[in-house]
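Have a look at the structure below, then the notes.
The values are calculated or read from the model by the stated rules, or taken from the named source; none is laboratory data. Since the model is a prediction, treat every value here as computed from it, not as a measurement. Cβ placement follows ideal geometry from the backbone for every residue including glycine, while neighbour counts extend to all protein chains displayed.
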Amino acid sequence: MRTINFAVVGKGSMGRAHSASLDMLKYCYKNLPFEVKLHTLVTRNPETAQADTHALGFENYSLSVDDCLKNEDIDVIDICTPNNTHFDIISKAVKANKHILCEKPLAVSDTEARKILELTKNYNKCCGMVFNNRHLPAALRAKELMKEGRLGRILTFRAVYLHASGTDPKKNAGWKQNRDICGGGVLFDLGSHAIDLLCCILGDNEKYGFESLYGMSQIGFKTRAGMDGKEWQTNADEAFYITAKLKNGACGTIEASKISVGANDDLSVEIRGTDGALRFSLMEPNFLEFYDAKYTGTPNGGDRGFTKIECVNRYDMPESVFPGMRAPIGWFRGHIHSMYNFCNAVYAGTNPSPSFEDGAYVNKIMQAAYDSDVSGKSVTVE
């Protein structure tokens with residue numbers, strides 16, 4: 001059996017999510033043709049490196065990416081670091097001939113994302129993105145209905161991702177609130193998920209790609225407690241609003257916010273067409289709602305309306321064996337299946353999905369939104 005050795009760069013929330021998801025593959029799937037090994041944790045903190053390595057289940061640790069890349073036993077570099085480090089680590093990983101898995105966003109700008117695509121254009125290793133929400137069964141079922149043509153011609157759409165994590169101005173800001181590090185605020189952090197999920201379900205960028213959009217940012221609290229606890233001026237968007245037109249003429253909105261009081265992890269998508277409509281929410285990930293406009297019902301409507309479809313833990317082969325198909329699903333399960341898809345691509349020598357191309361397209365949309373926000377005008381997406 002082939003062993004795929006992972007080096008995870010970063011031990012923050014995403015580094016931990018990736019590490020735990022990789023470790024869970026052997027429990028969630030049976031008869032895997034590969035084995036995943038948590039080979040090396042890359043961390044900059046020598047004081048906690050040994051303890052973190054043990055706690056997260058790694059065999060080794062390294063205090064630098066450069067030293068880690070010299071290890072010929074490592075197959076995959078999994079990037080879970082601040083956004084402004086992605087380009088440099090990807091460049092070094094390509095030179096070291098490693099498979100690369102990168103947390104969103106791919107880069108801090110459209111220009112940087114294009115450079116990454118050029119860098120990996122003829123690269124013979126897998127280069128994948130982590131957009132974990134597209135791997136939830138409700139999203140997979142929505143994509144299936146879209147592919148079957150059950151919605152007809154798409155007319156409108158809405159994608160929203162809301163958090164309340166930015167509603168307390170006394171809470172110390174992290175690197176995601178510092179645009180010098182993150183490159184973009186909530187649009188990068190949450191909006192990227194909403195954009196990717198919408199693009200994934202619609203499926204065809206030639207037909208449903210973005211034609212034009214108007215973007216507007218919002219900073220709810222102009223001053224906050226900085227990373228050092230001292231007052232500082234907020235420089236990253238805390239909410240972002242996009243109105244967009246697709247190439248087929250469909251129009252809709254995308255909203256991302258960390259200043260939505262009362263929200264938890266509220267990602268929801270609605271797509272409506274001439275023949276039907278669908279909607280689902282991350283807060284209810286076990287259900288997809290579908291409306292069949294071709295169903296006539298009775299003169300008074302009868303049972304015509306949205307049908308709530310139970311999606312739970314159902315995947316294509318190899319099916320999940322733990323938890324079973326009848327078990328409810330949650331946020332973490334999307335990460336696990338995301339890791340399975342990438343590892344299977346490494347094993348089979350195929351292109352992973354989502355790919356760097358998918359990540360670069362999301363970067364292009366976000367760049368257009370920021371350009372529109374600065375100019376105050378609608379922007380055409382090239």
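Looking only at segment 117-133, which residues are in contact with a Gly (Cβ under 8 Å, 6 or more places away or on another chain) and either part of a helix (DSSP H, G or I) or surrounded by fewer than 20 Cβ atoms within 10 Å (Cβ to Cβ) (or both)?
Passing the criteria: 132, 133.
Taking interchain pairs and intrachain pairs at least six residues apart, which have beta carbon atoms under 9 angstrom, with the first residue in segment 28-57 and within 20 Å of residue 2 (Cβ to Cβ) and the second among the charged types (D, E, K, R) and at pLDDT below 95?
Note: pairs meeting the criteria are 28/333; 29/319; 30/319; 32/26; 35/26; 36/26.
In segment 1-24, which residues are closer than 14 Å to residue 74 by Cβ and buried (at least 23 other Cβ atoms within 10 Å of the Cβ)?
Answer for segment 1-24, where residues must be closer than 14 Å to residue 74 by Cβ and buried (at least 23 other Cβ atoms within 10 Å of the Cβ): 6, 7, 8, 9, 22.
Residue by residue, here is whether (1) surrounded by 22 or more Cβ atoms within 10 Å (Cβ to Cβ); (2) of a type in the set (D, E, K, R); (3) farther than 26 Å from residue 247 by Cβ holds:
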position	(1), (2), (3)
71	no, no, yes
85	no, no, yes
95	no, yes, yes
145	no, no, no
160	no, no, no
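Out of 271, 201, 259, 254, report the one residue that is in contact (Cβ under 8 Å) with a residue 60 or more places away in the chain, assigned to a helix (DSSP H, G or I) and of a type in the set (Val, Ile, Thr).
Values: 271 fails: assigned to a helix (DSSP H, G or I); 259 fails: assigned to a helix (DSSP H, G or I); 254 fails: assigned to a helix (DSSP H, G or I).
Among 271, 201, 259, 254, only 201 is in contact (Cβ under 8 Å) with a residue 60 or more places away in the chain, assigned to a helix (DSSP H, G or I) and of a type in the set (Val, Ile, Thr).
Which pairs do you get when a residue that is closer than 30 Å to residue 221 by Cα, found in segment 139-168, comes within reach of a residue that is of a type in the set (Asp, Glu) and in a loop (DSSP other than H, G, I, E, B), reach meaning Cβ atoms under 7 angstrom, with the pair 6+ apart or on two chains?
Listed pairs, sorted by first residue: 163/265; 166/238.
Of the residues 249, 183, 229, only one is surrounded by fewer than 16 Cβ atoms within 10 Å (Cβ to Cβ), at pLDDT 85 or above and on the phi > 0 side of the Ramachandran plot; which?
Working: 183 fails: surrounded by fewer than 16 Cβ atoms within 10 Å (Cβ to Cβ); 229 fails: at pLDDT 85 or above.
Going through 249, 183, 229 in turn, the sole match is 249.
Here are some residues: 264, 248. Which one is closer than 14 Å to residue 202 by Cα and among the polar types (S, T, N, Q)?
Numbers: 264 fails: closer than 14 Å to residue 202 by Cα.
Exactly one of 264, 248 is closer than 14 Å to residue 202 by Cα and among the polar types (S, T, N, Q), namely 248.
Conditions first: (1) crowded, with 20+ Cβ neighbours inside 10 Å; (2) at pLDDT 95 or above. Residue 150 passes all but one, so which condition is the exception?
All conditions pass for residue 150, except number (1).
Does residue 94 satisfy the criteria of being β-branched (Val, Ile, Thr), over 19 Å from the mean Cα position of the chain (by Cα) and more than 19 Å from residue 352 (Cβ to Cβ)?
Numbers: β-branched (Val, Ile, Thr): yes; over 19 Å from the mean Cα position of the chain (by Cα): yes; more than 19 Å from residue 352 (Cβ to Cβ): no.
No.
Can you tell me which residues in segment 1-27 are free of Cβ contacts under 8 Å to residues at least 12 places away in the same chain and over 22 Å from the mean Cα position of the chain (by Cα)? Lay out the reasoning, then the answer.
Taking segment 1-27 and keeping what is free of Cβ contacts under 8 Å to residues at least 12 places away in the same chain, we get 13, 26.
The answer is 26, and nothing else.
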